[in-house]
């Protein structure tokens, strides 16, 4: 009589694409155990059947668990990885093949035992790396060491993580080392660091906001002062210009009035003195002299049209005397008229 086997196959199988084997191995182990503990046992430990044609009830149960394990492995592997185990019918052999391919042989593992501890001891945070990324990278190294059978204590993990942090965490590191580091897991230490970093970021943001606000207020004050200064200077200039223009215009108007008054008085005075008649007379005399002939002093023609020859001096002298007498006679009559006007 065959033994009954309870199968729990409701969970999603973890897919493996040929990368991060250490993570997939842990997930797949848990998945096989969740199906049934017997399924994981036949995968972990190889079993033999004495008579395949007539297996015992216990052997039949193991064969059934082996088929379930092989089917589960086939479902989660990509095509390239499946090629390596497609002809293997025993779950334990298929599992061992995957371990050899992705974890290496004993010689490879021995080399890793020397390389990984050195990698762990020289671990440092990179310049372009966040705290979360750094912690994850360190955790990968620790998991690889544990997979090779090396023991890494929580205190070693936590101390390496804290020593790799930037200087801004020095105060927190000192507090943790003196208080709870020996009793905390690496995840708890990580959470403490992330909490402190979150508070630090909030404080830095608040300081940045305050700084930007102060700078903005300072700029606004400077703008207001500059606008007020420009307005006051423009008003001052306008007042100065208007006052200067008013003074200039008032001065000009006063000067014009005084000048007009002086001119008016002067003209009145000159009229009383008969300056206008004498001025006209002298100007007419000037004009007459300008129009006379230079040779015979006649105003009827110029020297170019003079009828007298330059050698005929007697005729010229007679003509000059004649003209002179006429002029004196005319001036005498004008003088008498002026005297009679003044007397009246």
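The values are calculated or read from the model by the stated rules, or taken from the named source; none is laboratory data. Because the structure is a prediction, the values reported are computed rather than measured. All Cβ positions, glycine included, derive from the backbone under ideal geometry; neighbour counts span all protein chains shown.
Answer yes or no as to whether residue 89 is part of a loop (DSSP other than H, G, I, E, B), modelled with pLDDT of 90 or more and assigned by TED's automatic domain parsing to the domain that holds residue 36.
yes
Could you tell me how many of the residues in segment 8-57 are crowded, with 17+ Cβ neighbours inside 10 Å, in a helix (DSSP H, G or I) and within 58 Å of the chain's Cα centre (by Cα)?
Number of matching residues: 6.
Going by the conditions given, is residue 155 at pLDDT 90 or above and farther than 13 Å from residue 131 by Cβ?
Here the answer is yes, as residue 155 does meet what is asked.
Could you list all residues from segment 151-172 that are farther than 12 Å from residue 120 by Cα and not in a helix (DSSP H, G or I)?
Hits for segment 151-172 are 151, 153, 165, 166.
Can you name every residue in segment 157-188 that is surrounded by 14 or more Cβ atoms within 10 Å (Cβ to Cβ) and within 23 Å of residue 116 (Cα to Cα)?
157, 158, 159, 160, 161, 162, 164, 165, 186
Mind checking which residues of segment 86-101 are over 58 Å from the mean Cα position of the chain (by Cα) and closer than 20 Å to residue 30 by Cβ?
Within segment 86-101, 91, 92, 94, 96 meet the criteria.
Being in a helix (DSSP H, G or I) and touching a residue at least 24 places away in the same chain (Cβ under 8 Å) is the filter here; which residues of segment 125-139 pass it?
131, 132, 134, 135, 138, 139
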